[in-house]
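Engineer: Have a look at this one.
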Amino acid sequence: MMIVIALIIATIIPLAALLGIYKLDLYKTGEFKYMLAAFGAGALAYFAAALINMPAGQILYPALAPVINPAGLHPNLAIYNLTVQFVAPVAEEILKGLILFFLVRRRKFTYFVDGAIYGFAAGIGFAIFENFEYVLGHPNAAMAVAINRVISTNLMHAAATATLGIILGLARFQKPARQALLSVGGMVIAILLHTGFNNLVTRVTSGWLLLYAVAIGGGAAGLIFFMIKHGLAVEKKWIGQTLGLPDRVERGEVIAVQNIEKVDEILARLDERLGPATGARIKKLLLVQAKLGIQRKTAEKMEDAKMRLAIQSQVEALRKEMETLRREIGSYAMVYVRATHLEELFSWQTVLATRLEQLAQQPKSSGPSMYDRLGGKLTSTDKKSDS
């Protein structure tokens, strides 16, 4: 019975962490089906690594024995240490990361937030099946193993692959040579994080081991959380820069899109007048507008001409979807929403903060300021009076 409970813990908690990360994606730019694909790829990576790790360690050991086994440990133990400390991190991070190189080329991929979520999903897919191996392999300590892993090793696996996803998402906007360099660098960082963690848990024998492991796993996951929040803030700025009257998106709608996390509360006030079905369509419209703004900025930043064209076609598809939703919502409801002025439904602090951000993003004039022009006129007047 304890093993069953341990297996449930080893499954539910990592999945809950993944769901929490997915819910951070306020604009839902990350496709749920791609997240599932990344999760499945991570699970497959576990089985592939199980076939590769130990044989690779056995092959490498004879050449590396003088360096890695100066103390003369039994060869089987030395091979195990070599595999866990150095071979597994390389093999596992490459296998977990393969799916990301595919997903980052999808036209619906927008920014590194997507890469972080897909990478986190791949890491969790791997970690859950590795949990099963360790829990079933230690039946007398199943609960302790499950709990220890979900608060340390699982977070490390997820964070390492998410780090690669973030860097691949940033590299996507670069020219091919720089893309390749950043991609390799991202993989190296993921491998180093994994290598450091595995060396820690196999070399440290003090009672502080679990604390160290949790600190590394939790710290890495916390960094991913911070990066996702930062990415969302950047996407919010992009929306303010790219949405507007050319798409018939009024200021109130832009403010609503930029504060999408508060929209449910706002739409609840409109449901009594418009009905919940229309309210749901309005929320979907706002999400489509968010994706439209983000994808338009993505196309602007894209160096790869082929990818830029693919993203522009996605922008056009989003425009059509937006118009379809407007028709489904109906002219009366759209006029009512716009007449109500969505920004008036937000707190004045929210509207003020959003407007200040929008003003800060506007390009500064390259011409002389009002004071420069006034100064010029005064100088001209002085010269005339002198003459």
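Engineer: Mind listing just one residue for me: the one in the range 4-24 that is under 14 Å from the mean Cα position of the chain (by Cα) and assigned to a helix (DSSP H, G or I) and, of those, surrounded by the fewest Cβ atoms within 10 Å (Cβ to Cβ)?
Structural biologist: Within the range 4-24, the subset under 14 Å from the mean Cα position of the chain (by Cα) is 17-24.
Going one step further and asking which of them are assigned to a helix (DSSP H, G or I), we end up with 17-23.
Details: ALA17: 20, LEU18: 23, LEU19: 11, GLY20: 11, ILE21: 23, TYR22: 15, LYS23: 9.
Only one residue fits best here, namely LYS23.
Here is a yes/no grid of residues against (1) crowded, with 18+ Cβ neighbours inside 10 Å; (2) touching a residue at least 60 places away in the same chain (Cβ under 8 Å); (3) not hydrophobic (A, V, I, L, M, F, W, C):
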site	(1), (2), (3)
ALA78	yes, no, no
ALA91	yes, no, no
ILE94	no, yes, no
ARG106	no, yes, yes
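Engineer: Related question: Just to be sure before I move on: is TYR27 part of a helix (DSSP H, G or I) and either in contact with a strand residue (DSSP E or B) (Cβ under 9 Å, 6 or more places away or on another chain) or on the phi < 0 side of the Ramachandran plot (or both) in the structure I sent? Write out each step before concluding.
Structural biologist: On the way: part of a helix (DSSP H, G or I): no; either in contact with a strand residue (DSSP E or B) (Cβ under 9 Å, 6 or more places away or on another chain) or on the phi < 0 side of the Ramachandran plot (or both): yes.
So TYR27 does not fit the description; no.
Engineer: Got a sec? Which of ALA180, ALA171 is surrounded by fewer than 18 Cβ atoms within 10 Å (Cβ to Cβ) and under 30 Å from LYS306 (Cβ atoms)?
Structural biologist: Numbers: ALA171 fails: surrounded by fewer than 18 Cβ atoms within 10 Å (Cβ to Cβ).
Being surrounded by fewer than 18 Cβ atoms within 10 Å (Cβ to Cβ) and under 30 Å from LYS306 (Cβ atoms) holds for just one of ALA180, ALA171, which is ALA180.
Engineer: Of the residues ILE255, ILE189, ILE216, only one is of a type outside the set (Lys, Arg), in a helix (DSSP H, G or I) and surrounded by fewer than 19 Cβ atoms within 10 Å (Cβ to Cβ); which? Before the answer, list the steps.
Structural biologist: Details: ILE255 fails: surrounded by fewer than 19 Cβ atoms within 10 Å (Cβ to Cβ); ILE216 fails: surrounded by fewer than 19 Cβ atoms within 10 Å (Cβ to Cβ).
One residue alone meets the criteria, ILE189.
Engineer: Checking the condition under 30 Å from PHE112 (Cα atoms) and either modelled with pLDDT of 95 or more or not aromatic (Phe, Trp, Tyr) (or both), which residue from ALA56, ALA65, ALA91 passes?
Structural biologist: Details: ALA56 fails: under 30 Å from PHE112 (Cα atoms); ALA65 fails: under 30 Å from PHE112 (Cα atoms).
After applying the criteria, what remains is ALA91.
Engineer: Oh, and also: Check PHE86, PHE101 and return the single one that is more than 30 Å from LEU318 (Cβ to Cβ) and either among the basic types (Lys, Arg) or in contact (Cβ under 8 Å) with a residue 40 or more places away in the chain (or both).
Structural biologist: Working: PHE101 fails: more than 30 Å from LEU318 (Cβ to Cβ).
Result of the check over PHE86, PHE101: PHE86.
Engineer: When residues of the range 265-294 are filtered for being of a type outside the set (A, V, I, L, M) and surrounded by fewer than 14 Cβ atoms within 10 Å (Cβ to Cβ), how many remain? Give the steps one after another, and end with the answer.
Structural biologist: As a first pass, look at the range 265-294 and keep what is of a type outside the set (A, V, I, L, M): 265, 269, 271-273, 275-276, 278-279, 281, 283-284, 289, 291, 293.
Going one step further and asking which of them are surrounded by fewer than 14 Cβ atoms within 10 Å (Cβ to Cβ), we end up with 265, 269, 272-273, 275-276.
Here the count works out to 6.
The values are calculated or read from the model by the stated rules, or taken from the named source; none is laboratory data. Model, not experiment: these values are computed from the prediction. Heads up, the Cβs are rebuilt from the backbone with ideal geometry, glycines too, and the neighbour counts pull from every protein chain shown.
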